[in-house]
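Engineer: Before we start, here is the structure in question, set down as structure tokens.
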Amino acid sequence: MLSSPLRDFVITKSGNPVNLLHSAARLFGGAVTTSPLGPLAEGEHEVRGVAAADFAVGYFASSLAVRVGTAPGRDSYFVNLGLAGEISASRGGRQAVLSRARAGVFNPGDAQELRPNRPGTRFLGLRIDAGLVRRELAALTGRPTGSTVRFDLPLDLSEPRGRAVKLLIGSLIEQLDSDDPLFQREELQRSQLRCIVTALLLAQSHTHTAALRGVPRMPHPRALRAAVAFVEANLPEPISLGQIAEAAGCSARTISSAFREKLGTSPMGYVRNLRLDRIRHDILSTGDRVGEIAYRWGITHLGRFAGEYRSRFGELPSTTAARR
């Protein structure tokens, strides 16, 4: 793993530990709440980080013991990897010591308790949107996910599968740190993140591991993968069923059947849900007005959008925005 990751993305570097708590909450776009476990530790506290639509990754250098809770309506997974020192981590009744050889995986709704074992502890925290994990599991199994994926806590980075996850996360960090404009494109970052999620689903034990045994490596037809890639690359633009079918190289009827069979929704339903997920993320992580965010992601009818948003998330966009 890199020695000085995210060097150009410093959020705070301060002797005040409160700045670390606030910076972590801001980095993860309102997906977490943070509070100290015990007295506020003296010393230098540094946070670096990058946030995007489906993920955020942060570098933390601090000896402060913290409790990281989840905010209502923000389902996310977290993967924490040690860079220096060790961290005693717990979620519920499960415990693990995180280090360069062992990562910790936290599920939606989990409260994380992270206690650095000595000064100079440094680690990476990767937030992954739960919707992406659901979509990648559906891609692997060829059917919609019926329940939330819940991973085991400790991930052994010293064995081959764990090393693959670590290498892929390291590659994402290298892309973010690169000066090459090509690596700053969202399409490449999103593709790398999908690889990380797929590797995590295959490497780490979880509640759907049995469903992955014996399934083909590439259960989705090439046409469906091309269609999904087209949608994700053009989400802010007007998208029609005809365009999706053209990108997939097949008829509208064929691609519609593939979406319903493999993803449990229609092509345009997939477009709608993905837009709503991105809009919700931006509402919670930016100060922009709801209407501006909706238009940015290709919404043209705000009245219909509000109803669809409430159907998906159980609340109006204005209610979500009020929690910022």
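Engineer: Out of curiosity, is PHE151 under 22 Å from ALA52 (Cα atoms), surrounded by 17 or more Cβ atoms within 10 Å (Cβ to Cβ), among the aromatic types (Phe, Trp, Tyr) and not assigned by TED's automatic domain parsing to the domain that holds PHE259?
Structural biologist: Working: under 22 Å from ALA52 (Cα atoms): no; surrounded by 17 or more Cβ atoms within 10 Å (Cβ to Cβ): yes; among the aromatic types (Phe, Trp, Tyr): yes; not assigned by TED's automatic domain parsing to the domain that holds PHE259: yes.
No; evaluated as a whole, the condition is false for this residue.
Engineer: Among the residues of region 153-165, how many are assigned to a helix (DSSP H, G or I) and farther than 18 Å from LEU188 by Cα?
Structural biologist: 5
Engineer: While we're here: From the residues in region 247-275 that are among the charged types (D, E, K, R) and out of contact with any Phe, Trp or Tyr (no Cβ under 8 Å at 6 or more places or on another chain), which one is surrounded by the fewest Cβ atoms within 10 Å (Cβ to Cβ)?
Structural biologist: The initial filter retains those residues of region 247-275 that are among the charged types (D, E, K, R), namely 253, 260-262, 272, 275.
The next check asks that each one be out of contact with any Phe, Trp or Tyr (no Cβ under 8 Å at 6 or more places or on another chain); those that pass are 253, 260-262, 272.
Values: ARG253: 10, ARG260: 15, GLU261: 14, LYS262: 20, ARG272: 19.
Residue satisfying both the conditions and the ranking: ARG253.
Engineer: Would you please name the residue that is nearest to PRO317 (Cα to Cα), looking only at residues in region 38-49 that are surrounded by fewer than 22 Cβ atoms within 10 Å (Cβ to Cβ) and modelled with pLDDT of 85 or more?
Structural biologist: Top of the filtered list is GLU46.
Engineer: Across region 120-152, which residue is modelled with the lowest pLDDT among those that are under 22 Å from ALA61 (Cα atoms) and not in a strand (DSSP E or B)?
Structural biologist: Ranking the qualifying residues of region 120-152, first place goes to GLY120.
Engineer: Only one of (1) in contact with a Gly (Cβ under 9 Å, 6 or more places away or on another chain); (2) under 27 Å from GLU86 (Cα atoms) is not met by PHE151, so which one is it?
Structural biologist: (1)
Engineer: Can you name the number of the only condition in (1) at negative phi; (2) in contact with a Ser or Thr (Cβ under 7 Å, 6 or more places away or on another chain) that GLY109 fails?
Structural biologist: (1)
Engineer: Restricted to region 315-324, and to residues that are part of a loop (DSSP other than H, G, I, E, B) and without any contact (Cβ under 8 Å) to a residue 12 or more places away in the chain, which residue is farthest from ARG289 (Cα to Cα)?
Structural biologist: Filtering first and then ranking leaves LEU316.
Engineer: What number of residues in region 149-180 are touching a residue at least 12 places away in the same chain (Cβ under 8 Å) and farther than 30 Å from GLY93 by Cβ?
Structural biologist: Total meeting the criteria: 8.
Engineer: Which one of SER35, SER62, SER76 is over 18 Å from the mean Cα position of the chain (by Cα), in the same structural domain as GLN192 (by TED's automatic domain parsing) and surrounded by 20 or more Cβ atoms within 10 Å (Cβ to Cβ)?
Structural biologist: Going through SER35, SER62, SER76 in turn, the sole match is SER62.
Conditions (1) at negative phi; (2) outside the structural domain of ARG26 (by TED's automatic domain parsing); (3) in contact (Cβ under 8 Å) with a residue 12 or more places away in the chain; (4) assigned to a helix (DSSP H, G or I), marked per residue:
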| residue | (1), (2), (3), (4) |
| --- | --- |
| ILE244 | yes, yes, yes, yes |
| ARG253 | yes, yes, no, yes |
| SER257 | yes, yes, no, yes |
| ARG275 | yes, yes, yes, yes |
| GLY291 | yes, yes, no, yes |
| TYR295 | yes, yes, no, yes |
| ILE299 | yes, yes, yes, no |
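Engineer: Hey, another quick one. Step by step: first the residues of region 203-229, then only those that are at pLDDT 90 or above and part of a helix (DSSP H, G or I), then the one that is surrounded by the fewest Cβ atoms within 10 Å (Cβ to Cβ). Which residue is that? Break it down stepwise before answering.
Structural biologist: Here is the first cut: in region 203-229, the ones at pLDDT 90 or above are 203-204, 227.
Those left that are additionally part of a helix (DSSP H, G or I): 203, 227.
Values: ALA203: 21, ALA227: 27.
Applying the filter and picking the extreme gives ALA203.
Engineer: Say we look at region 59-79 and pick out the residues that are touching a Phe, Trp or Tyr at 6+ places or on another chain (Cβ under 9 Å), more than 21 Å from GLY38 (Cα to Cα) and not small (Gly, Ala, Ser); which of these is modelled with the lowest pLDDT?
Structural biologist: The selected residue is ARG74.
Engineer: Something else now. Answer yes if at least one residue in region 13-30 is in the same structural domain as LEU81 (by TED's automatic domain parsing), assigned to a strand (DSSP E or B) and within 30 Å of GLU187 (Cα to Cα), and no otherwise.
Structural biologist: no
Engineer: Then there's this: Please name all residue pairs, on different chains or six or more residues apart, with Cβ atoms under 6 Å, provided the first residue is in region 80-95 and is on the phi > 0 side of the Ramachandran plot and the second residue is in a loop (DSSP other than H, G, I, E, B).
Structural biologist: Correct list of pairs: GLY85/ARG118; GLY85/GLY120; GLY85/THR121.
Engineer: Please tell me if GLY82 is buried (at least 17 other Cβ atoms within 10 Å of the Cβ) and either under 17 Å from the mean Cα position of the chain (by Cα) or of a type in the set (Ser, Thr, Tyr) (or both).
Structural biologist: no
Engineer: Looking at region 32-96, what strands (runs of 3 or more DSSP E) fall wholly within it and have at least 1 residues that are out of contact with any Lys or Arg (no Cβ under 9 Å at 6 or more places or on another chain)?
Structural biologist: 45-51, 66-70, 76-84, 87-91
The values are calculated or read from the model by the stated rules, or taken from the named source; none is laboratory data. For clarity, every value in this text was computed on a predicted model and none was experimentally measured. Cβ coordinates were reconstructed from backbone atoms using ideal geometry, including for glycine residues, and neighbour counts include every protein chain displayed.
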